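Notes follow once the structure below has been shown.
The values are calculated or read from the model by the stated rules, or taken from the named source; none is laboratory data. Since we're looking at a predicted model, the values are computed, not measured. Glycine gets a Cβ as well: all are built from the backbone with ideal geometry, and neighbour counts include every protein chain shown.
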Amino acid sequence: MKKEEDFYQLEKNILSLKEQIDEIQSSGEANKKEKVAKLKQEIEKEWAKIVPHLTASHIVQIARHPKRPYTLDYIGNLAEDFIELHGDRRFADDPAIVAGLGFYKGRTTAFIGHQKGRTTRERIERNFGQPNPEGYRKALRVMKLAEKFGFPIVTLIDTPGAYPGIEAEERGQAEAIAYNLKEISTLKVPIVNVVIGEGGSGGALAIGVGDAILMLEYSFYSVISPEGCAAILWKDQSSVAKAAENLKIRAQDLLELGIIDKIIPEPAGGAHIDYEQTFKSVDKLLSQILKKLEQKSPEERLEERYKKFRNIGVIIEK
């Protein structure tokens, strides 16, 4: 297996097995469970062959996979009676950010996340998950509403970055991100951030401040995209793979560096192969973390949140 081989080529056998599972589950065949279980075992065998050869570039491709579950998929599975709130009360609504309230484990919870869109039309409408300033202001408005009523906050991170267009800059893109960082860090309710796909730069960090940062196993979190890094440092797109490796974007690297707190395991083949298992894994860890956070006082959470972010990037010489 060539290290530089495209991930979409590597997963062909797995996708074929996945299609067989979907066909069986939608048919009226007998012994569905047994047949599906066997095919899932085959997927696990195929995945075991691929995992040792996964590069950082492959992780980027998995995180960007067009069939990967998006924010609205998670909200639809985790929350009951979700009501989306729109607009930033200043300029407009930004479809790249979904924000609203729903019941999670019987408790009203604010859910906020990036939404890329599944079809070409949806992707254009959602601006490919790249928020404008009004998106971040909407997110903060909903977060402050949650704080007012004592609701916990869950953010779902999946963006290539904040929208870099001139209109966004004219409306204060940098200020909107910086203001969110400042304000979110002082909110007194529990905040859990979950990186479900791409965690791109300030576009992710603007809703990524919290008490705990969870990360799906094959998502990535980075100060810049590998393509952007290659263009700036090497001025050469053939260096994207090198940039991805040097950026330390993998979940395991970020856990060791203290950037994130927990890794959420993904099913064999990645989250896009088994939505149900992915949702269960997220649900399990998310509920555990929220319970622990809610047992602490607001003062304790704020102090620990402050220390958490102050410790990021600190180098200790021995």
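Annotations
- Residue in the stretch 5-16 that is surrounded by the fewest Cβ atoms within 10 Å (Cβ to Cβ), counting only those that are of a type outside the set (S, T, N, Q) and not in a loop (DSSP other than H, G, I, E, B): K12
- Scan of the stretch 108-125 for residues that are charged (D, E, K, R) and surrounded by fewer than 22 Cβ atoms within 10 Å (Cβ to Cβ), ordered by number: R118, R121, E122, R123, E125
- The single condition among (1) over 21 Å from the mean Cα position of the chain (by Cα); (2) buried (at least 24 other Cβ atoms within 10 Å of the Cβ); (3) among the β-branched types (V, I, T) that V154 does not meet is (1).
- When E34, E23, E19, E44 are checked against the criterion of being out of contact with any Pro (no Cβ under 7 Å at 6 or more places or on another chain), in contact (Cβ under 8 Å) with a residue 40 or more places away in the chain and in a helix (DSSP H, G or I), a single residue qualifies: E44.
- Among the residues listed as R118, R68, R107, the single one being more than 24 Å from E266 (Cα to Cα), in the same structural domain as A174 (by TED's automatic domain parsing) and out of contact with any Asp or Glu (no Cβ under 7 Å at 6 or more places or on another chain): R107
- Boolean, P95 is farther than 23 Å from A271 by Cα, in a loop (DSSP other than H, G, I, E, B) and within 17 Å of the chain's Cα centre (by Cα): yes
Residue by residue, here is whether (1) surrounded by fewer than 20 Cβ atoms within 10 Å (Cβ to Cβ); (2) within 26 Å of R137 (Cβ to Cβ) holds:
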position	(1), (2)
G28	yes, no
T55	yes, no
H58	no, no
I62	no, no
L72	yes, yes
G76	yes, yes
D81	yes, yes
I97	no, yes
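- Residue within the stretch 42-59 that is β-branched (V, I, T), outside the structural domain of T109 (by TED's automatic domain parsing) and farther than 30 Å from P160 by Cα present: no
- Scanning the stretch 165-175 turns up no residue that is charged (D, E, K, R), closer than 29 Å to V60 by Cβ and touching a His at 6+ places or on another chain (Cβ under 6 Å).
- The one condition in (1) under 25 Å from I259 (Cα atoms); (2) within 16 Å of the chain's Cα centre (by Cα); (3) in contact (Cβ under 8 Å) with a residue 40 or more places away in the chain that N193 fails to fulfil: (3)
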